[in-house]
Amino acid sequence: MGFSPPPTGVLSHWLSVRVRRSVQAVQRVLIRKPGGYHRLELVEEPTPSPGPGQVVVATQGVGVNYADCVVRMGLYSSAARYVGWPITPGFEFAGTVAAVGDGVDSSTVGDRVFGVTRFGGYASHVVTQPRHLFPLPAEWSMPRGASFPTVHLTAWYALCELCRPRTGFRVLVHTAAGGVGLAALGICKRLGMEAVGVVGSSHKVDPALASGAVAVIDRSSQDTWAEARRLAPKGYDIVLESSGAATMKGSYRCLRPTGRLVVFGLASMLPKAGRPVRWWRLAYHYLRMPRFNPIRMIDRNLTVSAFNLSYLFEQQELLAEAMTQLLGWEREGALPAPPIATYPLAEVGRAHSDLESGQTVGKLVLVP
Ligand SMILES: NC(=O)c1ccc[n+]([C@@H]2O[C@H](COP(=O)([O-])OP(=O)(O)OC[C@H]3O[C@@H](n4cnc5c(N)ncnc54)[C@H](OP(=O)(O)O)[C@@H]3O)[C@@H](O)[C@H]2O)c1
């Protein structure tokens, strides 16, 4: 029996389906201009091919960080420096290797991986380099992999690189039930330090205690600084400050001699609920920032550090050292998995809105 071609109309339909299937579209979140959630646009484009030395990962989870909201607001300086507009936010992802470029022998198609990227993570496919990928532990889900690196690297860098942790140190952790906060509490406990968490609502107290805090201050019902003093009458050895002008002066004041204040976030200064950035409000907060006096700092033996992880992206040795240590602690069971809320990639606006509400606990992950 010979092959008889389908009638012309059927043939063209059959061909168009084949064409649509062979040029698969991938999805990416694009922000063309700074603004509210409506600026998060989902666009389709052809599947990327890896260049020499590159790997394409088909993502099954993409971590959402508060910094992504700051990128969307147009206030993230390293986004302007490294990418500009339009930009796809996203620092972390997990998925399966979909293609490898020439010269790559450390990754194979089908490998389950998680990784970091300096922007560009909010997409169904991420083009990256093997040095930014890590094998996904067999017992981890994709959302777990997608939510691990950024917050743990941030907390690790603040505590282990900038502070020289010692057993018995008292550590004050602001925004303690958020992504970075819970990661910091786990690391403090693993290193024998006693972390006191500060949270903005009562439903965050238990998750912070479960992640290793020895005590939690609920800002909504307690006097933060009176309680902080009661819990550490001699002061704190380390304060992790990601809140901003609202708390920075108090954080500095509650250090004990030889104490270290590490500043890495300014969330309380920024708008909530997708409201536009008000420059007068930022200016007001800017004027409220403490000015650190080096003479007093010498006198009281105090250190103030600040950092932004995205500027450390090329420091491969540091990244490898941090991930080796963190994954070792994770294998020991010392870093509890945080609560993770998942959202379809197309609902990225809802994820940003939830994160900016200040009510979320743990991590948010987009699922392409
Ligand atoms: N420098 C770096 O390299 C780096 C890297 C990662 C993260 N960060 C910073 O670390 C902080 C935590 O990041 P994350 O991704 O883990 O977020 P998150 O802590 O999961 O969520 C943000 C939390 O900040 C608090 N908050 C206070 N004012 C807020 C406001 N106006 N809008 C929204 N939240 C507000 C809320 O907690 P409470 O009300 O309970 O305090 C909220 O739940 C952020 O400030 C982020 O920018 C910095």
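Values in this text are rule-based calculations from the coordinates and carry no lab data. Values in this document were obtained by computation on a predicted structure and should not be read as measured data. Cβ coordinates were reconstructed from backbone atoms using ideal geometry, including for glycine residues, and neighbour counts include every protein chain displayed.
Looking at the range 328-368, which of the residues that are surrounded by fewer than 16 Cβ atoms within 10 Å (Cβ to Cβ) and hydrophobic (A, V, I, L, M, F, W, C) is farthest from the ligand (Cβ to nearest atom)? Ranking the candidates gives Ala346 first.
Away from the ligand (no atom under 12 Å from the Cβ) and either in contact (Cβ under 8 Å) with a residue 60 or more places away in the chain or within 25 Å of Ala94 (Cβ to Cβ) (or both) - does that describe any residue in the range 199-211? Within the range 199-211, one or more residues are away from the ligand (no atom under 12 Å from the Cβ) and either in contact (Cβ under 8 Å) with a residue 60 or more places away in the chain or within 25 Å of Ala94 (Cβ to Cβ) (or both).
Okay, residues lined up against (1) in contact with a Lys or Arg (Cβ under 7 Å, 6 or more places away or on another chain); (2) under 23 Å from Leu364 (Cα atoms); (3) within 16 Å of the ligand (Cβ to nearest atom); (4) not hydrophobic (A, V, I, L, M, F, W, C):
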position: Ala67; (1), (2), (3), (4): no, yes, yes, no
position: Val70; (1), (2), (3), (4): no, yes, yes, no
position: Tyr82; (1), (2), (3), (4): yes, no, yes, yes
position: Ala94; (1), (2), (3), (4): no, yes, no, no
position: Ala99; (1), (2), (3), (4): no, no, no, no
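Counting the residues of the range 54-65 that are in contact with a helix residue (DSSP H, G or I) (Cβ under 8 Å, 6 or more places away or on another chain) and away from the ligand (no atom under 16 Å from the Cβ) gives 3. Checking each residue in the range 163-180 for being within 14 Å of the ligand (Cβ to nearest atom) and without any contact (Cβ under 8 Å) to a residue 60 or more places away in the chain picks out only Ala176. Every condition in (1) away from the ligand (no atom under 13 Å from the Cβ); (2) more than 25 Å from the chain's Cα centre (by Cα); (3) not charged (D, E, K, R) is met by Thr224 except one, and the failing one is (1).
Can you pull out the residues in the range 228-246 that are more than 25 Å from Arg190 (Cβ to Cβ) and assigned to a helix (DSSP H, G or I)? Before you say what the answer is, go through the steps one by one.
If we filter the range 228-246 for residues that are more than 25 Å from Arg190 (Cβ to Cβ), which is where we start, we get 229-230, 233, 244-246.
Selection gives Arg229, Arg230, Ala245, Ala246.
Just one of the listed residues (Thr108, Thr96) is surrounded by fewer than 13 Cβ atoms within 10 Å (Cβ to Cβ), out of contact with any Pro (no Cβ under 9 Å at 6 or more places or on another chain) and on the phi < 0 side of the Ramachandran plot, namely Thr108.
When Ile217 is tested against the conditions (1) out of contact with any Asp or Glu (no Cβ under 9 Å at 6 or more places or on another chain); (2) within 15 Å of the ligand (Cβ to nearest atom); (3) of a type in the set (A, V, I, L, M, F, W, C), the lone failure is (1). Out of Val277, Val239, one residue alone is within 26 Å of the chain's Cα centre (by Cα) and within 12 Å of the ligand (Cβ to nearest atom). It is Val277. Condition check: touching a strand residue (DSSP E or B) at 6+ places or on another chain (Cβ under 8 Å), surrounded by fewer than 20 Cβ atoms within 10 Å (Cβ to Cβ) and of a type in the set (S, T, N, Q). Does Thr258 satisfy that? The answer is yes for Thr258. Across the range 281-315, the number of residues qualifying as within 16 Å of the ligand (Cβ to nearest atom) and of a type outside the set (Gly, Ala, Ser) comes to 16.
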